[in-house]
Amino acid sequence: MKVLVPVKRVVDYNVKVRVKADGTGVDLANVKMSMNPFDEIAVEEAIRLKEKGIVTEIVVVSIGVQQATETLRTALAMGADRGILVTTDQVTESLAVAKVLAKIVEEEAPGLVILGKQAIDDDANQTGQMLAGLLGWPQGTFASKVAPEGDSVHVTREIDGGLETVALTLPAVVTTDLRLNEPRYASLPNIMKAKSKPIAAKTPADYGVDMTPRLSVLKVVEPSKRQAGVKVKTVDELVEKLKVLGAVA
Amino acid sequence: MSVLVLAEHDNASLKDPTLAAVTAAGQLGGDVHVLVAGQGSAAVAEAAAQVAGVAKVLHADDASFANALPENLAPLIVGLMADYDAFVVAATSRGKNVAPRVAAQLDVAQISEILSVEGPDTFTRPIYAGNAIATVKSADAKKVLTVRGTAFAKAAATGGAASVEAVSAAGASEKASFVGAELTSSARPELTGAKIIVSGGRALGSADKFHEFIDPLADKLGAAVGASRAAVDAGYAPNDYQVGQTGKIVAPELYVAVGISGAIQHLAGMKDSKIIVAINKDEEAPIFQVADIGLVGDLFTLLPELTGKL
Ligand SMILES: Cc1cc2nc3c(=O)[nH]c(=O)nc-3n(C[C@H](O)[C@H](O)[C@H](O)COP(=O)(O)OP(=O)(O)OC[C@H]3O[C@@H](n4cnc5c(N)ncnc54)[C@H](O)[C@@H]3O)c2cc1C
Ligand SMILES: Nc1ncnc2c1ncn2[C@@H]1O[C@H](COP(=O)(O)O)[C@@H](O)[C@H]1O
């Protein structure tokens, strides 16, 4: 079975972004960029399925600026087999991304598409569900366990009250939660090897998808800041302060 | 304008996040209708009919809706949306699961986790773990919105008198089925609705210690228990305790962070709490930058003392 893993290039999760003074967005100049952490988990899961002999080929795809090649190379160095880069300078809204992915799915016919549950820049948490909706495929979102068996897959999902398991007929869409696995680091030899793995260059037009955003961003502001409060030295002082604030009786 | 709100429930009772979604829906203007899709869920439909501001309840009762599978819910909702201008659902794990599927089938860009309604097509929402708030305007004819529960007041659960109308199911998908659930059982208040939360971090060191030190304080305060991702990953607390960018978003009256450093991703989930108390042995811990009251020291001595003195 072939697996398709979409990977997004985002601001590194350690960076605390700054809102631009003119309110047009966040300042991305000279900021460290990385693969979306949930997508690393998706790539790792695909590799583990390949190591178990369930998966035969892992195709990674990124939609975005030219530099997203680096993100694909990272995935290839981890162990993916080949990449597809769909370049665009437009904002990549989830719906348009899902439409491009749906076309790639038609061409590649994977048995599973494994995406991150959420991109940590737009925090949209949509693309996987949208892709499943467009394809009419079943979906296993927020997965903490993925167990393919024959022509179906059991997905254990992290939900508000705990965990639930669903059985999905393949082909299916899965989105990863944090506890699905711990992604590996690429070894130096694998980083070197990844340089010669193929990356196909495409554009949204190749797939007939219009990337024009449906949402216009009118402004971006900083959230209201919290004032740091006081430090107390003893538990008695803490209890006293809580009483004054009316937080405890 | 008319708005369809999907009810969050467990087939027995209507859940609070629905009430915040009803408030947000009301702010769009026009009639608010609530869809209750479940199995054996008549009591939920009756409860939804009493919610202030709800004009009509659509009740779809069918075995295929027992476990809120999006493969079965989406066709029902997409069909109903022919008569509505907006679809609104709370940003719970269920809401997040189904809404984008609906949006894609309607060819609409979903607007996730709205914080406010600025106009019928303009909303604010958090991006970058809440480090920026974007105001976005939708060009789509129909809107699909998920609503952050902590950002909207709850509609009154009683006072309304909506009619209940039965709607039929669209048929069950053969591609997805429910296998089972392992729900965390707790006598404590539910995390997202709790007035007081005591959260523990990696510093607790083990599941036993987590219970031994966090639970008594939570019991004393009548609080819900939360955790950082590090504590959940290490198995000290169940996954549904996780507070943060990728866990639950909470805004209680009082949030007590114990042995939690205050990473951006954790702050994203709790920095709108009214009063934040932090207990941490490192006085440079970032959590102190958002804490109203900080206590520097060893939690293993401070926490029992605090529990004793409250
Ligand atoms: C994509 C992504 C999403 C994430 N989402 C979330 C999320 O939703 N929620 C979340 O919480 N995290 C999330 N994280 C993880 C986050 O970055 C931090 O790693 C995590 O919050 C750290 O947890 P912690 O504060 O418990 O542990 P640590 O950072 O290890 O902090 C432990 C703290 O305990 C203190 N301490 C140690 N011993 C004692 C003692 N005896 N007494 C008192 N204090 C003591 C230390 O000084 C330290 O400050 C995410 C990360 C990524 C990459
Ligand atoms: N531009 C993109 N290129 C590749 N994958 C993407 C892109 N945008 C979103 N995705 C995938 O969809 C997931 C969810 O993203 P989102 O819906 O934006 O939160 C991500 O974790 C990726 O797996």
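Among the helices (runs of 4 or more DSSP H) lying completely within the range A:45-163, list those that include at least 1 residues that are charged (D, E, K, R).
A:68-78, A:94-108
Looking only at the range B:1-30, which residues are over 22 Å from residue B:195 (Cβ atoms), more than 14 Å from the chain's Cα centre (by Cα) and crowded, with 16+ Cβ neighbours inside 10 Å?
Of everything in the range B:1-30, those that are over 22 Å from residue B:195 (Cβ atoms), more than 14 Å from the chain's Cα centre (by Cα) and crowded, with 16+ Cβ neighbours inside 10 Å turn out to be B:2, B:3, B:4, B:5, B:11, B:25, B:26, B:27, B:28.
Quickly run through the range B:99-116 and pick out the residues that are surrounded by fewer than 22 Cβ atoms within 10 Å (Cβ to Cβ) and either within 26 Å of residue B:16 (Cβ to Cβ) or more than 10 Å from chain A (Cβ to nearest Cβ) (or both).
Matches in the range B:99-116: B:115, B:116.
So, in the range B:40-98, how many residues would count as being free of Cβ contacts under 8 Å to residues at least 24 places away in the same chain and more than 15 Å from residue B:16 (Cβ to Cβ)?
2
Taking the range A:23-62 only, how many residues are among the hydrophobic types (A, V, I, L, M, F, W, C), surrounded by fewer than 21 Cβ atoms within 10 Å (Cβ to Cβ) and within 13 Å of ligand 2 (Cβ to nearest atom)?
Counting residues in the range A:23-62 that are among the hydrophobic types (A, V, I, L, M, F, W, C), surrounded by fewer than 21 Cβ atoms within 10 Å (Cβ to Cβ) and within 13 Å of ligand 2 (Cβ to nearest atom) gives 1.
Which members of the range A:214-243 meet the condition of being β-branched (Val, Ile, Thr) and in contact (Cβ under 8 Å) with a residue 12 or more places away in the chain?
Across the range A:214-243, the qualifying residues are A:217, A:220, A:221.
Across the range A:26-44, what is the total count of residues that are part of a loop (DSSP other than H, G, I, E, B) and under 19 Å from residue A:104 (Cβ atoms)?
1
Can you find, within the range B:220-240, the residue that is farthest from residue B:204 (Cα to Cα) among those that are under 15 Å from the mean Cα position of the chain (by Cα) and at the interface with chain A (Cβ under 10 Å from one of its Cβ atoms)?
Of everything passing the filter in the range B:220-240, B:240 is farthest from residue B:204 (Cα to Cα).
In the list A:98, A:143, which residue meets the criterion of being among the small types (Gly, Ala, Ser), within 11 Å of ligand 2 (Cβ to nearest atom), surrounded by 22 or more Cβ atoms within 10 Å (Cβ to Cβ) and within 21 Å of residue B:146 (Cβ to Cβ)?
Every option except A:98 fails the conditions.
Being outside the structural domain of residue B:63 (by the TED database), touching a helix residue (DSSP H, G or I) at 6+ places or on another chain (Cβ under 9 Å) and free of Cβ contacts under 8 Å to residues at least 60 places away in the same chain is true for just one of B:183, B:115, B:106. Which residue is that?
Answer to the selection: B:183.
For the subset of the range A:123-136 comprising residues that are more than 16 Å from ligand 1 (Cβ to nearest atom) and surrounded by fewer than 23 Cβ atoms within 10 Å (Cβ to Cβ), which member is nearest to residue B:173 (Cα to Cα)?
That would be A:136.
Are any residues in the range B:266-310 facing chain A (nearest Cβ under 7 Å), small (Gly, Ala, Ser) and farther than 18 Å from residue B:226 by Cα, and if so, which ones?
B:294
In the range A:111-150, what count of residues is obtained for those that are touching a residue at least 12 places away in the same chain (Cβ under 8 Å), aliphatic (A, V, I, L, M) and more than 7 Å from every other protein chain (Cβ to nearest Cβ)?
9
Only one residue in A:74, A:69 is out of contact with any Ser or Thr (no Cβ under 6 Å at 6 or more places or on another chain), within 16 Å of ligand 1 (Cβ to nearest atom) and more than 14 Å from every other protein chain (Cβ to nearest Cβ). Which one?
Within the list A:74, A:69, the selection yields A:74.
Has the range B:258-265 got at least one residue that is more than 10 Å from every other protein chain (Cβ to nearest Cβ), under 25 Å from the mean Cα position of the chain (by Cα) and free of Cβ contacts under 8 Å to residues at least 60 places away in the same chain?
Within the range B:258-265 (the criterion being more than 10 Å from every other protein chain (Cβ to nearest Cβ), under 25 Å from the mean Cα position of the chain (by Cα) and free of Cβ contacts under 8 Å to residues at least 60 places away in the same chain), the answer is yes, since at least one residue qualifies.
Report yes if residue B:166 is surrounded by 17 or more Cβ atoms within 10 Å (Cβ to Cβ), away from ligand 1 (no atom under 16 Å from the Cβ) and more than 30 Å from residue A:148 (Cα to Cα), otherwise no.
Taking the combined requirement at face value, the residue does not satisfy it.
Here are some residues: A:168, A:163. Which one is of a type in the set (A, V, I, L, M, F, W, C), crowded, with 24+ Cβ neighbours inside 10 Å and either more than 15 Å from ligand 2 (Cβ to nearest atom) or at pLDDT below 95 (or both)?
A:168
Report yes if some residue within the range B:144-159 is surrounded by fewer than 15 Cβ atoms within 10 Å (Cβ to Cβ) and either among the charged types (D, E, K, R) or touching a strand residue (DSSP E or B) at 6+ places or on another chain (Cβ under 9 Å) (or both); otherwise report no.
Checked against the condition, which is being surrounded by fewer than 15 Cβ atoms within 10 Å (Cβ to Cβ) and either among the charged types (D, E, K, R) or touching a strand residue (DSSP E or B) at 6+ places or on another chain (Cβ under 9 Å) (or both), the range B:144-159 yields no hits at all.
Report yes if residue B:177 is in a loop (DSSP other than H, G, I, E, B), within 14 Å of chain A (Cβ to nearest Cβ) and among the small types (Gly, Ala, Ser), otherwise no.
no
The values are calculated or read from the model by the stated rules, or taken from the named source; none is laboratory data. Note that the structure is a prediction, hence the values are computed from the model and not measured. Here the Cβ is made from the backbone with ideal geometry for all residues, glycine too, and neighbour counts use every protein chain on show.
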